[in-house]
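> Just dropping this structure here.
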Amino acid sequence: TKDDVIGRKRNIMYFHNENVAAFHYGPHHPMKPFRLAVTHSLILHYNLQHYFTMVEPPPATYEEIIAFHDTDYIEELMAGKWRVVPDEDAVDGTADDVPLFDGVYDYCTYYTGSTIQAAKALNCKWADIVINWSGGLHHAKKAQASGFCYVNDIVIGILELLKHNQRVLYIDIDIHHGDGVQDAFYFTSRVMTASFHHYHEKFFPGTGIVKEKGRSDGKHYSLNFPLREGITDESYAYVFKPIVRSLVKFYDPNVIVLQCGADSLGSDKLGKFNLSFNGHGECIRFVKSLNRPLMILGGGGYRLRNVARCWTNETAIIVGQDDVISDIIPEIDPYRKCFAPEHYKLRPELPHRFRDANTREFLDYLIGVAEERMRKIEH
Ligand code: TV7
Ligand code: CA
Ligand code: ZN
């Protein structure tokens, strides 16, 4: 196979607890856990399970969740009631982003359980690459839910990885800033975080400027690439590849965690980028080619059919089957109707809704910032 030519065959494990897909954030809420059932079904109907070991992991335990989170906050989540803060601005409305829907705590235990087991599989060297498409909820804070995220499975997974690994590199290609993960490791050099995101003062969460670079022991170990709207495959690869290549060269991580939010695709309901399935998938292919132990996580993605397409294609890239599988969605897939009307293609072209506002000068500036930072961490 291609893998044998390029490098050593990599052992891949896929983690999915199907209970995760049955929860509902509520009517009109953009986050739809059902996308995970459609994704999983499509992966199976492309027969990709022949190329990895599939695991149905147990839900995360309370003890595992409080490895990062505040106990009072988790009790609130379990009770299904947010604490009433007397002076809080009642019309702020951010609570609509993180509704306490039925079973919200159980939902968190399913996606977090998969990330924890994935981390353990890397720690024990059972796998070189682990996948959990239900994970990647990067906004959750130690004592606060934020941006559709309640429990930060990424932080909990990285804490597990740190038991066996000296340095963890976290890369985040969701269109939103990976603020929860950045905050959790802002003061340590054992985790380097790099988020690529759309930045605009009015775009959630409004953080992730270049100047946020970490503090004390963590100074220079948080990196932010605030991109402008409309970025194309070419522009994205132009910044992503050299930056990630030098991060790996200079930081020399023992393991890489890649958050693959699909809202950076063109035509996402919340996104403002122009990435194609190919451009998004190219990031995954590139990180895989660096040959480090790798954890692949999901994240955002709000056009259901494109999320399933994106992560199925990327599962195929991970197992080295992307150039072999058909571009027509298998007819036997029970969710096939979700993929109309784009002729049932796996990787249809996506319309460009935004002009690329990222000039070459701006992209060169971002690359320059990363290079300068890398010189600072050289020892
Ligand atoms: C990782 N954008 C998460 C991304 C989280 C984005 C936001 C919504 C939204 C929420 C809804 C809703 C929505 C059409 C879109 C400032 C506000 C504006 C709530 C209405 N429709 C990830 C979070 C972001 C909830 N939040 O990175 C219920 O859009 O911009 C905001 C904050 C205040 C709260 N209001 C939105 O991808 C998984 N929310 C419809 C119903
Ligand atoms: Ca991001
Ligand atoms: Zn997002």
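> Given H placed on each backbone N at 1.01 Å, which residues far from Tyr170 in sequence or on other chains put an amide H within less than 5 Å of it?
Met192, Thr193, Ala194, Val257
> In addition: Please identify the longest segment of the chain free of exposed GluC sites (Glu not before Pro), where exposed means a DSSP state other than H, G, I, E or B and no more than 15 other Cβ atoms within 10 Å. Please list the in-between numbers first.
On the way: sites that count: Glu88, Glu201, Glu331, Glu342, Glu349, Glu378.
The answer is 202-330.
> Counting only heavy atoms of the protein chains, get the accessible area per residue of the chain (1.4 Å probe) and round it to a whole Å² value. Each step should come with its number before you reach the end.
Values: 16100 Å² over 379 residues.
Per residue, the chain has an accessible area of 42 Å².
> Another question, then. Simple spin-label model, 7 Å along Cα-to-Cβ: Ser216 to Lys202 in nm?
For Ser216 paired with Lys202, the spin-label model returns 3.9 nm.
> Among Asp179, Asp97, Asp323, which one moves the most in a GNM of the chain with springs linking Cα atoms closer than 10 Å?
Among Asp179, Asp97, Asp323, the largest GNM mean-square fluctuation belongs to Asp323.
> Could you give each residue of the stretch 207-223 its phi-based ³J(HN,Hα) in whole Hz, using Karplus coefficients 6.51, -1.76, 1.60 with θ = phi - 60°, and x for Gly or Pro?
Rounded to whole hertz, the list is 10, x, 7, 4, 5, 6, 10, x, 9, 6, 4, x, 4, 6, 9, 10, 10.
> If the reach is capped at under 17 angstrom between alpha carbons, list the aspartates and glutamates near Lys125, excluding any in the same chain fewer than eight residues apart.
Cα-Cα hits under 17 Å: Glu160.
> Ignoring ligands, DNA and RNA, what percent of the 1.4 Å accessible area of the stretch 2-376 is carbon and sulfur? Mind showing how you got there, number by number?
Numbers: 8050 of 15680 Å².
Accessible surface attributable to carbon and sulfur in the stretch 2-376 totals 51 percent.
> Over the Cα atoms of the stretch 2-161, each weighted equally, I'd like the Debye log10 I(q)/I(0) at q = 0.13, 0.21 Å⁻¹, rounded to two decimals.
-0.65, -1.38
> What does the charge dipole of the chain about its Cα centre add up to, to the nearest 20 debye, if the Cβ of each Lys and Arg holds +1 and the Cβ of each Asp and Glu holds -1?
Numbers: 42 positive and 49 negative charges, 230 e Å.
Value, rounded to 20: 1100 debye.
> Now for a different question. Tell me, what does the Kirkwood hydrodynamic radius of the chain come to in angstroms if you use every pair of distinct C-alpha atoms? Walk me through the numbers before you get to the answer.
On the way: mean 1/r = 0.0482 Å⁻¹.
Evaluated on the chain, it is 20.7 Å.
> Quick one: Karplus J couplings for the stretch 73-80, per residue in order, coefficients 6.51, -1.76, 1.60, θ = phi - 60°, nearest Hz, x for Gly and Pro?
3J(HN,Hα) across the stretch 73-80, in whole Hz: 5, 5, 5, 4, 5, 5, 6, x.
> Once you've got the GNM for the chain with C-alpha springs shorter than 10 Å, pick whichever of Asn278, Asn152, Asn132 has the biggest mean-square fluctuation.
Taking springs between Cα atoms under 10 Å, the residue moving most is Asn278.
> Residue by residue through the stretch 319-324, which ³J(HN,Hα) values in whole Hz follow from phi under the Karplus form 6.51 cos²θ - 1.76 cosθ + 1.60 (θ = phi - 60°), with glycine and proline marked x?
8, x, 10, 5, 8, 9
> Chymotrypsin sites (Phe, Trp or Tyr not before Pro), restricted to the stretch 263-311: which are DSSP loop and have at most 15 other Cβ atoms within 10 Å?
Numbers: sites: Phe273, Phe277, Phe286, Tyr302, Trp311; in loops: Phe273, Tyr302.
For chymotrypsin sites (Phe, Trp or Tyr not before Pro) across the stretch 263-311 that sit outside H, G, I, E and B with at most 15 neighbouring Cβ atoms in 10 Å, the list is empty.
> Right, next: Take the Cβ-Cβ distance between Asn291 and Glu75 as r, set R0 to 51 Å, and report the resulting FRET efficiency rounded to the nearest 0.05. Before the final figure, lay out each step's value.
Working: r = 43 Å, r/R0 = 0.84.
According to the calculation, E is roughly 0.75.
> Among the chymotrypsin sites (Phe, Trp or Tyr not before Pro) in the stretch 124-161, which ones are in a DSSP loop with at most 15 other Cβ atoms within 10 Å of the Cβ? Mind listing them?
Values: sites: Trp126, Trp133, Phe148, Tyr150; in loops: Trp126, Trp133, Phe148, Tyr150.
The qualifying sites are Trp126.
> Pick from Ser41, Ser216, Ser235: which residue has the top mean-square fluctuation in a GNM of the chain where Cα pairs under 10 Å get a spring?
Its mean-square fluctuation being the largest, the pick is Ser216.
> Under the rule of -39500 (n - 2.57) per DSSP H run of 4 or more residues, summed and divided by the residues of the chain, what mean residue ellipticity at 222 nm is obtained, to the nearest 500 deg cm²/dmol?
Numbers: 11 runs with 131 residues, N = 379.
That calculation yields -10500 deg cm²/dmol at 222 nm.
> Further, regarding this structure: What lysines could a cross-link reach from Lys345, if we take a straight Cα to Cα line under 28 Å and drop same-chain neighbours fewer than 8 places away?
The qualifying lysines are Lys2, Lys32, Lys241, Lys269, Lys272, Lys288, Lys337.
The values are calculated or read from the model by the stated rules, or taken from the named source; none is laboratory data. Keep in mind that this is a model prediction, so the values were computed, not measured. Don't worry about glycine lacking a Cβ; one is built from the backbone with ideal geometry, like all the others, and counts go over all protein chains shown. Only protein heavy atoms, including side chains, enter the accessible area calculation; ligands, DNA and RNA are left aside. Shrake-Rupley method; radii C 1.70, N 1.55, O 1.52, S 1.80 Å.
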